[in-house]
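Before any comments, here is the structure.
The values are calculated or read from the model by the stated rules, or taken from the named source; none is laboratory data. Given the structure is predicted, the values throughout are model-derived calculations rather than measurements. Reconstructed Cβ throughout: ideal geometry from the backbone, glycine too, with neighbour counts over all protein chains shown. Areas reflect the complete protein model, heavy atoms only, side chains present, ligands, DNA and RNA absent. Shrake-Rupley method; radii C 1.70, N 1.55, O 1.52, S 1.80 Å.
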Amino acid sequence: MKRKKYIVSMVMVAWAGIVNAADYTNIILVNLDDVGYGDFSCNGAYGYTTPHIDQLAAEGVRFTHFLAGQPISGASRAGLLTGCYPNRIGFSGAPGPDSNYGVHQDEMTMGELLKQKGYATAIFGKWHLGSQHQFLPLQNGFDEYYGLPYSNDMWPFHPQQGEVFNFPDLPTYDGNEVVGYNTDQTRFTTDYTMRSINFIRKNAEAGKPFFLYLAHNMPHVPLAVSDKFKGKSEQGLFGDVMMEIDWSVGEVWKTVQELGIEENTLIVITSDNGPWTNYGNHAGSAAGLREAKATTFDGGNRVPCIVYWKGHTQPGTICNKLASNVDLFPTFAEIAGAPLPQRKIDGVSILSLIEGKSKANPRTSFVYYYNKNDLEAVTDGEFKLVFPHKYVTYGAYAPGNDGKPGKLATVELRASELYDLRRDPGERYNVLHQYPERAARLMKVADEMRKQLGDDLTRVKGTENRKPGLVTTK
């Protein structure tokens, strides 16, 4: 049942429908899966090019210190769509087919945020905020949905099926209905693109503002690409997939241009977390950052982000200020003039950075939580203090290849370390004893967050944690 708190009144919808769409800013959010910091050619990718994405970067803003809320798909997407650190809302990990949790009904999603202002909303692609009926997009602020409820490797053809996993058939949803199982994944990038184009065209021609959340499955393994890009790159299947993603972005952008709505359409391209590098030639690049997905070193959290908004972004801008995907929620709220939820969020608007205000610095710190509620690190954008914790390392064994993962090892950081990210973005040199005052300052930030959200590593219980949604109906 639709919750009363976020019902858009019929008066508001009727009013929104008669206002010229030029009075609104349409929002297109492209969220890729497991794209590392180095996987666009404007960031140094090798063996293929991403010309449309590169052109958006050349004409917009390229963020160089943009962090996912957590370095794992489900939690990262929960943070993105609610503006909260995932552990604030009780969300952790990557919920699979049998998971009984999702985003709680009292949390406001990005779709619900924008529907307050009369936006049409759609998601085409991967959801991963809970797969039971009550957690799916149409019950959480989206008018249209087509795609997968969780990761595309959670199916019977996983390379470790029967050894580590026992996944059931993977459903494809259209709205609330399952329209197939174990769908040929080579079609998804094109399907999502065509549905996106139709959604944009339909609403632009109707004069209705829209929010499009294009959440490609790729390049999460198993990699799949259509015939039109198969064998086209010099980096094998991974490169082919990235070229098709770039094509998709180009088709969406071209549609916006053809409809004459480019000046009032914001386009954001980012990724949910870093690359899954133990998959070898089927994985991307963290561009020299330490470790990768599922770790809170920056290879796991730091992801590419490009923002383009004609007439608002200054061409060729590079923003080195600290920002996060949890900041997109309040940023979109400010752009749309939509009221924020009454519940506390962690995101801050980065509109000032998008508009190129050189003295702006809206985010002064970021805390790296992982697992259920482990506070593993904190940064101010210049220095990063990492606390003792166990983590998965990708460097102990050679990676796998051709769709099969390599072995991983668990190691332990036994004492806190401080890294100067200005000179050492790879987090290799501990400078704790050289900059004790910076470490102390970061420790104060961490202690304050422990009071709010707790920390399982130090056995501190928070006072502001909220509960996840739990299954009430199947």
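Applying 1/(1 + (r/R0)^6) with R0 = 30 Å to the Cβ-Cβ distance of LYS230 and ASP424, what FRET efficiency is obtained, to the nearest 0.05? Walk me through the numbers before you get to the answer.
On the way: r = 40 Å, r/R0 = 1.33.
Efficiency at R0 = 30 Å is approximately 0.15.
For LYS357, the lysines whose Cα falls under 27 Å of its own Cα, not counting residues fewer than eight places away in the same chain, are LYS117, LYS310, LYS321, LYS344, LYS384. Take the Cα coordinates of the chain, assign each an equal point scatterer, and use the Debye formula without solvent to give log10 I(q)/I(0) at q = 0.07, 0.12 Å⁻¹. Taking Cα atoms of the chain as identical point scatterers yields -0.32, -1.04.
Viscosity 1.567 mPa s, temperature 4 °C: Stokes-Einstein D of the stretch 237-288 from its Kirkwood Cα radius, in µm² per second?
Using the Kirkwood radius from Cα pairs, D works out to 98 µm²/s.
Ligands, DNA and RNA left out, the accessible area of the stretch 391-474 computed with a 1.4 Å probe is 52% carbon and sulfur.
The length gained on full extension between GLU205 and THR472, counted as 0.36 nm times the residue separation minus their Cα-Cα distance, comes to 92.2 nm. Ligands, DNA and RNA are left out, and with a 1.4 angstrom probe the accessible area of the chain is 39 Å² per residue. For the stretch 179-279, taking the reciprocal of the average inverse distance between every pair of different Cα atoms yields a Kirkwood hydrodynamic radius of 15.0 Å.
Across the stretch 47-122, Cα-Cα pairs more than 19 Å apart make up 55 percent of the total. Both radii were evaluated on the Cα set of the stretch 317-417; the Rg over Rh quotient, with Rh as the Kirkwood radius, amounts to 1.09. Ligands, DNA and RNA excluded, the heavy atoms of THR410 present near 100 Å² of accessible surface to a 1.4 Å solvent probe. If R0 is 51 Å, the Cβ-Cβ spacing of ASP447 and LYS404 corresponds to a FRET efficiency of close to 0.75.
Only Lys, Arg, Asp and Glu carry charge here, each on its Cβ (+1 for the first two, -1 for the last two); on that basis the chain has a dipole of about 1260 debye about its Cα centre. The alpha carbon centroids of the stretch 402-441 and the stretch 62-130 are separated by 27 Å. Taking every alpha-carbon pair within the stretch 281-361, the share separated by more than 16 Å comes to 62 percent.
Under the simplified labelling scheme, the VAL431-SER358 pair shows an inter-label distance of 2.4 nm, with each label point 7 Å from Cα along Cα→Cβ.
Considering only protein heavy atoms and a 1.4 Å probe, what is the carbon-and-sulfur percentage of the accessible area of the stretch 90-179?
Summing carbon and sulfur atoms, their accessible area is 43 percent of the total for the stretch 90-179.
For the stretch 348-354, backbone phi angles converted through the Karplus equation (6.51, -1.76, 1.60; θ = phi - 60°) give residue-by-residue couplings of 10, 5, 10, 4, 4, 6, 4 Hz, Gly and Pro being listed as x. Please report, ordered by residue number, every helix of the chain (full DSSP H runs) that is 27 Å or longer along its axis going by C-alpha atoms and whose mean Kyte-Doolittle hydropathy reaches -1.0. Span-like helices here: 236-258. Its alpha carbons considered, the stretch 119-234 gives a radius of gyration followed by a Dmax of 15.4, 53 Å.
Computed with the Debye formula from one identical point scatterer per Cα of the stretch 215-373, without solvent, the log10 of I(q)/I(0) at q = 0.10, 0.12, 0.14, 0.17 Å⁻¹ comes to -0.47, -0.67, -0.91, -1.23.
Computed on the stretch 335-474, the Cα convex hull volume stands at 238 Å³ per residue.
Taking chymotrypsin sites (Phe, Trp or Tyr not before Pro) in DSSP loop conformation with at most 16 other Cβ atoms inside 10 Å as exposed sites, the chain has its longest uninterrupted site-free stretch at 158-396. Phi angles of the stretch 179-184 translate, via the Karplus equation with coefficients 6.51, -1.76, 1.60 and θ = phi - 60°, into HN-Hα couplings of 10, x, 10, 6, 4, 4 Hz per residue; Gly and Pro are given as x.
Suppose every Lys and Arg Cβ carries +1 and every Asp and Glu Cβ carries -1, with no other charges. What dipole size does the stretch 304-456 come out with about its Cα centre, to the nearest 20 debye? Taking the Cα centre of the stretch 304-456 as origin, the dipole is about 160 debye.
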